[in-house]
Structures are given as structure tokens and as C-alpha cells.
1. Please give the helix B:466-477 orientation as an angle from the longest Cα principal axis of chain B, in degrees from 0 to 90, rounded to the nearest 10.
2. Pairs to check: B:Lys135/B:Lys235; B:Lys328/B:Lys481; A:Lys65/B:Lys89; B:Lys74/B:Lys235; A:Lys82/B:Lys40. Give those whose C-alpha atoms are more than 32 Å from each other in this structure.
3. Taking a virtual spin label 7 Å from the Cα of B:Leu64 along the C-beta vector, which residues in the range B:143-170 bring their backbone nitrogen under 11 Å of it?
4. In degrees from 0 to 90, rounded to the nearest 10, what is the angle of the helix A:4-13 Cα long axis to the longest principal axis of chain A?
5. Pull the list of the protein assembly as shown cysteines that no other Cys approaches to under 4.7 Å, Cβ to Cβ.
6. To the nearest 10 degrees, how steep is helix B:73-85 against the longest Cα principal axis of chain B, on a 0 to 90 scale?
7. Could you give the distance between the Cα centres of the range B:236-263 and the range B:50-64, to the whole Å?
Amino acid sequence: MISEKDVKYAASLSRIHLSDEEAKPLTKDLEKILHYVEKLQKLDVSKVEPTSHVLPIKNVYREDKVRSSLSQEEALKIAVEKIKGSYKVPKVIE
Amino acid sequence: MNRVPIGTKSGLVYKMTIENKQFDTVIGLEVHLQLKTQSKIFCGCANNFGAEANSQVCPVCLGLPGSLPVLNKKVLEYAVKIGLALNCKINSYIKFDRKNYYYPDLPKAYQISQYDFPVCYQGFVLVPQESSTVKKVGITRAHIEEDAGKLIHDNENNCSLVDYNRTGTPLLEIVTEPDLRSAQEAYDYLQILKLTLQYLDVSDCDMEKGSLRCDANISIRPVGETKLGVKTELKNMNSFRAVKAALTFEENRQTQVVKAGGKITQETRLWDEAKQMSITMRSKEEAHDYRYFPDPDLTPFQVDSSVIEQIRKSLPELPVDKWERIKKEYGLNDYDAWILVSSPEIAAFFEECAKLHTNYKNICNWISGSLMQEINSRKLSLGDLRITPRRLVELILKAEDGTLSNLVAKDVFRYALETDKSIDEIIQEKGLAQVSDSVTLEKIVDEIITQNENAVRQIKNGDEKPLGFLVGQAMKKTQGKANPKKIGEILKRRIIDA
């Protein structure tokens, strides 16, 4: 069983603000999804090799070579606000 | 393949024998090590410290949509190298996972790390103790991950500044078992770990620059208890000494809390170096929920056993092994040998000298004395100085055969650091050869005797104490060049035997 509290917690982890009206239907949806996962968990996978990647490939490397980076100007183009060559964000002190 | 989930640690039971001790202290350390590759871990941006802010970033560093991280081969190679040096097993199946959290220094909102299949697991480090026993510290795991960006807090503008140059710097996180039992043991472990890493030449290991960082977990429990107590995590220590101070502070704090009938809260505490105390940063209620899952951007990895063997064979002799060998091979004591081993360059320099001259103890004295003094006071490394093993041995021979007094030999040594001239040339040029010819020395003694009537009288009356003073006067007169032994002999003959 999934509660509205679980949904709000998951939302807070993703920095999403949910009103009560929004949380209610999402709780139902998530409940359905988890029911489906429950079904999947009943499948016998004892003979299936576990995998963590969708393609049967491994060891895709690059050599340790330096390539040019973006310029500071280019890098800061996507900044909402910038200051002294850096991205400016609200003060964060934990 | 071996699944090594984070957070499953088994503890050893170990009893402290300190009098009236009610509690044992249990410590585990996490070291984050920046690996000194040319390029970053998942992209081709340069991996170096001190560049202009946000000038070493690319779409991968910034987590832009459509960018694809690809593992730097060297990072995996270094991780295996370190793992082998720490006696770890190398996993036959290696994968990367996403560790999810929101913070401005992490543009993707996840850090690429390793969760349950780290590169290295189940190792140990042997730490020589003062009591000439050896402490075995278990290594739970060592895994590869990427560093985050750097935040600078700007009070003036009431904001924070983000520099993403550091994102994607390759890190190896080395986690110990909760095997350490005191702040001193933690300190000793860190020293050995750092030295080992320096021998491997895989990192700058500079805590001030942040290329080696250490967090500590500490708990206490009643003596005899086998279950681990509630731990606190200590962060923000920027030197090994600070780690030791923070652990000592926390050990005392926890003991006081428990003795007063209180309970330890699981929390993260920040060390304040200026105040020499730690403060609560976040409690367990606010603890992160990282929701790890496999990163589909990166393929799994498998290091061939032949490659592992190749890396194993390329490992240099490690500090503790070298220490044991140097003690045995050159008949040096623990302390002397340890000083030589404390830097791979110094140890190599010593062994080069030892090929040319067999008075090993004297070579060691010169290296641990004059040479290390100069290196430390000039803040240089051995390679910056012009002294070579051959020239140091030439100098030592001149001091041993009496051509140079020890005092003057030290002057010659300082000259030798600054020129490429041979020791003979320096001695000649500066007129520094020790004066041992008797005619000259007799003349000097004549002068000393007439100039120091009181001292001479005292000696004649049977008090030999002023003899040393007179020898000193002769040395002063000759700028240290007179052979002090001969001066002493002549003085005795002229004053006492006369």
C-alpha cells in the first residue's frame, strides 16, 4: 500500500511541490504501477542472467587524452544568472 | 562477480587495555582521492587544478541533454593499481550507478558512482605501530566516482558562486572496515595510506588542494560489547592532524553524553578548525535518500585477469616492504629506515649512494639531516637540488678521511646544492680544506695559548674543562678549517705535558 505521505516524500526528493489535489490522483496512479511491478516480481527469473545494461556490450572506454573545453563565455551562456565568471545561485549553506 | 553493497560492515572485537576505560572507540575512515589523469573521468576536459572558473567544462561536465559520458581507461587502471596495492580483490564485474541528490554543485542532479559492484573490495593495509607491532586495517571497498563542482559562498552579494571545473575529476573512494580503535590509529593509517599512494604516483595527495579528503565515522561502546554503537560522521577536516583532533574531540563528546545518561544521535558533524570543535550539520531525519540505480549511459566493465597480472607486476616496492628490506639490507634501525622510506625519491637516492659507499649509517645521517633540512626549509623536492648521489658520497668521503671537518663539510654541502662543480673544486675554490699540517696548527695553538692565560692556568691546575673552549677558539680563528682532533692533541701536549 502506498500512502499520500510516500508520494509527497518522493516528490520532495525530486524537489517537486505537490498540492493535496495533485497528490491524491498520483497516489492512485503510483499504486497501480506498483501493483504491476508486483506481478512482474512473481515471474520465475531464476534461470535468467541478471543484467544492468540493455545491450550485451562491455568495456567501452576512451583513452586518457585532453580535448578542448568550452570557453568560459560559452559555458556561462546557459546560466540564469552569472557573477565573476561563475554561475550565480541562491546562497546554499547546509 | 561479487556484490559488495554499501553499508555492510563487520566489526572486529578488540579490547582496549587502558586503565578504568569503560568504552571502546570504533572508527572507520572514508578517503576520497583525486586521481591525476590528464583528462577527466568521463570526458576530454583537462584534469588540473587552478584554472580560470568554468573554463574546463564541456556538455558532459555540465550534464547537458544528449551528452554521453565515456570512461577514461586510465581511471580504471589506476583504481586497479591502488586496489592491488591495498591487497584488495578486483571485481570480475564492474558497473556504474547514479547517486541521486539535488545540489548546485552537481549539474546532472546525480553523481556517477558505484553502488554494489565496486572495482575493489576486501583488502587490508598493514600499519606499523610504535610498539613495533603491526595493525591490520581492513579495506571494505574502493570505488570509482566523479567529483562535483566547487561552491564559493559570497556574503557580499548574498549568493553562492558555482565553478564546474572540478566536476568529473576522477575520484577513488577508499572505505575502511570499522577496525580503527583510536584517533592515533586513524592518523597512522592515513600516513601509511598516503605514502602508499605517493609510491604508486596516482595522486598529488594534497589535502590543502583537496586532492585527498577524509571523512570519519566514529562510535563508542561499552568495553566487551560486540555490537556497534550509534555512529556520527565527521567532515571538513583539512589535514591529518585535524582528523586526529576531530576524532579525539568526538570520542570525548560521545563519552560525556553517554556517561551523563544521554544517547548518541546519528548525525553528520562539521569540524571547525579555528574553534577545534565540531558542530551538527544534519541529523538522520534529514539524511539523504540517494535512490541508487544502474547508469544506462555506461556499459559494465570487466578487467581481464591478464591485465590485472600485468598491473600487479608493475607495482613498485611499497613503503612497508621497502622499510623492512632497507632495515635488513643496510643494518639501519626502525627510525632511520622509516625516514628514508618516507619519500620514494629519498629512498632511491639513499640506495644509489649505498652503491658507492658502505658506511650506510653515515649516508643515512647526511640524508635525514642536512639534505632533508634543506629540502624542507627551501620547500623544494629532491629533484630541484643539484646534489647527486655521487657528489654526496664524494663529500661524505672527504669528511670521513679528515679533509673536511664536519662543520665545513656542511658548508660544502650547501654550496654543492647550488652548483654543478665537483666537491674537490668547491673545496679548492673556497679554500675549505681542513688544516691538518702540524706547522700551521702549532702556530695557531701558540696564539691561542698566549691569548687565553686564564684558561691555560686552569688547565695546568688540573681542571681540563677549558680545553674544549680553547679548541673552539682555534676553530673560530680558522673559520672551522682546523682539524679539531689535532688541535686538541697539540693543546694537551703543550699545556699539560709541558
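Laboratory data are not the source of any read-out in this text; all were calculated from the coordinates shown. Keep in mind that this is a model prediction, so the values were computed, not measured. Because the Cβ atoms are built from the backbone with ideal geometry, glycine has one as well, and the counts that use them run over all protein chains shown.
1. Rounded to the nearest ten degrees, it is 80.
2. B:Lys328/B:Lys481
3. none
4. That helix lies at roughly 20 degrees to the long axis.
5. So, B:Cys43, B:Cys45, B:Cys58, B:Cys61, B:Cys159, B:Cys205, B:Cys214, B:Cys353, B:Cys364.
6. Taking the Cα atoms of chain B, the angle to B:73-85 is about 60 degrees.
7. Spelled out, the Cα-based centre of one part sits 38 Å from the other.
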